[in-house]
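Comments concern the structure below.
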Amino acid sequence: MSHNGDAVLDKTDWTVKLHGAARLVAGKEAGPGGPGRGNKMKRSSFGGRGDLIAARAIFCISTAGVIIMAFIIMFLVANGLPALRETPLHSILLGFDWYPTEEPPALGMLPLIAGTLAATLLSSLIGLPVALALAVFTAEIAPKKLREVFKMMMELLGFVPSIVLGFIGMQILAPALQNRFNIATGLNLLNASLLLGFLIIPVVASLSEEALSSVPRELRDASYALGATRWETISKVVVPGAKSGMISASLLGMMRSLGETMIVLMAAGGAAVLPKSIMDPIRPLTSTIAAEMGETPVGGVHYHALFFAGLILMVITLAINLLSMLVERRGAQK
Amino acid sequence: MKSVAARKFKDTLATWFFCAAEAALVLLIVCVAYFIFREGHGVLSWNFITEAPSDGMTSGGVFTPLIGTIQLVAVSMLAAIPIGVAAGLYFAEYSSGGRLADLLRLSIRSLAGVPSVIFGLFGLSLFVVFMHFGSCLLSAGLTLACLSLPLIVTASEQAFLAVPQDYRDASYALGATKWQTITRVVLPSAAPTIITGAILSIGRVAGETAPIMFTGAAYFAPDVAKSVFSQVMALPYHIYVLATSSTDVNATRPIQYGAIIVLLAFVLGVSAVGVAARAKLEARNGR
């Protein structure tokens, strides 16, 4: 023990000396900002004034994320809340009629919110099982070479722009659904959910695959040593070990599908009514904003109502984001 | 206790199920890709790339939208890379943890989850209305920059963290200051990874439609934008316009698919370069 302690002490001592020496050299090089001033600086242990300025500048720039986030929330609130002057909160959240351009305007967003939730739920039901199965396959079953190919394929698939998927929904899937089920229009909840489900597969599969791969090798070896088959090892050892990572990945996937715009704009049909079956067209919050923002004058009731829709969307998204962070933290603590 | 045969059977069944799921997905992707190519390959030619859309977008090529997308990417990367790299630098080299760093991290992470259409609203209210830029290349580019910021911050932080501590120690031992160490040692060794991250975020930004719809994308523009204050056509929005408000469905159909192929080639090409470069870097660093 004592020997170990000595070694540590020795090392710290050496580091202190080294830094001291470095400070001296740096002081000479820095000229006017030299050695005398070095002691006054609290943050950087050595270096001239230039170093301090650089550190401060870097810090200021790194606050850009907070500033943008604050601006986003501020603009949503400042432009969204005036909608409440026109219509009280409960009739926005629970109203059935969305006729923002009528006189007087009806700003009931329940059909839009229901559309968003329905599409998110159905697409998660479609996409998440497939994504998780693919993650298990890639991490546990596929041979090493194939695994690299699949990981790369998943990643590239994640780059496919959502406009392309929306286009596929509109031009390929909609006519197919229309003929197959003999319905008035193929642009509906099912169509959009299939594509949203496809959209979230790459991101959920990649993140879950990472979670599965980070389960320690020893746990698998121990399971095999006890005589378990591969499926038993996967279902009873690996997946439980990666559970928090997989749940967090699924939540991120749901968040993607919730905030996706182009797919629902093109493939969901766009009728602002409560969906009664999966063959009904829907009009989620995102597509309402995208479709109507371009045609509305800045500062009108409609404009404010659309920002209010954005605010609702933002609140749901942030809630899911926080939830996924909580799940991750729980998993890390275990 | 179940019999060994039953357990083995279950294991084989599970293996086949997972293989079938993967195969089905691959098959689906191949089918869709083939279908798009079959519909669109007819119009693909060099002229399709170098000609502007004409006759109310029922003929011609995708020159103006393609250049517009490249311009948007350029503006957004010019804004996002310096800020993103600086923020990554702060997280990796300067931050010593604590509440403030947690807040900055939290905001970057939340930003990554903000729906793209919200970025559109944000760009509309900040750049177009509040700063009076109007609907133009600059507004749309800056909106996309905000959207790509989390990607670049994360990528550059990882890049800085991957630089071995020995490099920094050696630099300090030679008497370099922290800033000298960063600019002459850490940054050069992290640069390839940062560039890879930037390439990947180009792939992400180029396909975005919702953030530019009301911040600067033009329904139609006769010419390539010559200043940052003019509207631009962008390939993703052009596809949306072609698909939803075409005057002659039969004439535009092949052009739609052609534009999709060009967009996919651009986005996936750029992303593939990024992915391949990253794989090479990781192999070199022995990870």
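The values are calculated or read from the model by the stated rules, or taken from the named source; none is laboratory data. These figures come from a predicted structure and were not determined experimentally. Every residue, glycine as well, gets a Cβ built from its backbone with ideal geometry; the counts of neighbours run over all protein chains shown.
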Selection from region A:272-299 of residues that are among the hydrophobic types (A, V, I, L, M, F, W, C) and free of Cβ contacts under 8 Å to residues at least 60 places away in the same chain: A:289, A:290, A:291, A:293, A:298
Test result for residue A:322, at negative phi, facing chain B (nearest Cβ under 8 Å) and part of a helix (DSSP H, G or I): no
Residue check, residue B:222 touching a residue at least 12 places away in the same chain (Cβ under 8 Å), away from chain A (no Cβ under 11 Å) and touching a Gly at 6+ places or on another chain (Cβ under 9 Å): no
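Please find, among B:211, B:222, B:236, the residue that is of a type outside the set (S, T, N, Q), over 30 Å from residue A:286 (Cβ atoms) and either in a loop (DSSP other than H, G, I, E, B) or assigned by TED's automatic domain parsing to the domain that holds residue B:273 (or both).
Answer to the check: B:222.
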Filter result for the condition that a residue is among the hydrophobic types (A, V, I, L, M, F, W, C) and surrounded by 24 or more Cβ atoms within 10 Å (Cβ to Cβ), over B:151, B:106, B:121: B:121
Candidate set: region A:305-319, residues that are without any contact (Cβ under 8 Å) to a residue 12 or more places away in the chain and either farther than 12 Å from residue A:113 by Cβ or touching a Pro at 6+ places or on another chain (Cβ under 6 Å) (or both); chosen: the one nearest to the other protein chains (Cβ to nearest Cβ): A:318
Identity of the residue in region B:77-120, of a type in the set (Ser, Thr, Tyr) and facing chain A (nearest Cβ under 7 Å), that ends up farthest from the chain's Cα centre (by Cα): B:94
Close pairs from region A:192-210: first in contact (Cβ under 8 Å) with a residue 60 or more places away in the chain and hydroxyl-bearing (Ser, Thr, Tyr), partner crowded, with 23+ Cβ neighbours inside 10 Å and not in a helix (DSSP H, G or I), Cβ under 9 Å, at least 6 apart: A:193/A:268; A:208/A:242
Scan of region A:161-170 for residues that are more than 7 Å from every other protein chain (Cβ to nearest Cβ) and not small (Gly, Ala, Ser), ordered by number: A:165
So residue B:52, is it within 23 Å of residue B:269 (Cα to Cα) and at pLDDT 90 or above: no
Every residue from region B:154-193 that is hydrophobic (A, V, I, L, M, F, W, C), surrounded by 18 or more Cβ atoms within 10 Å (Cβ to Cβ) and within 9 Å of chain A (Cβ to nearest Cβ): B:176, B:179, B:182
Criterion violated by residue B:25 - all others in (1) touching a residue at least 24 places away in the same chain (Cβ under 8 Å); (2) in a helix (DSSP H, G or I) satisfied: (1)
Unique match (being assigned to a loop (DSSP other than H, G, I, E, B), under 22 Å from residue B:142 (Cβ atoms), in contact (Cβ under 8 Å) with a residue 60 or more places away in the chain and in the same structural domain as residue B:148 (by TED's automatic domain parsing)) among B:270, B:228: B:228
Residue, nearest to the other protein chains (Cβ to nearest Cβ), within region A:179-190, restricted to residues that are within 19 Å of residue A:122 (Cα to Cα) and surrounded by fewer than 18 Cβ atoms within 10 Å (Cβ to Cβ): A:185
Residues of region A:109-159 classified as outside any helix (DSSP H, G or I), more than 7 Å from chain B (Cβ to nearest Cβ) and farther than 23 Å from residue A:288 by Cβ, total: 3
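What number of residues within region B:56-101 satisfy the criterion of being over 19 Å from residue B:217 (Cβ atoms), in contact (Cβ under 8 Å) with a residue 60 or more places away in the chain and not in a helix (DSSP H, G or I)?
Final tally of qualifying residues: 2.
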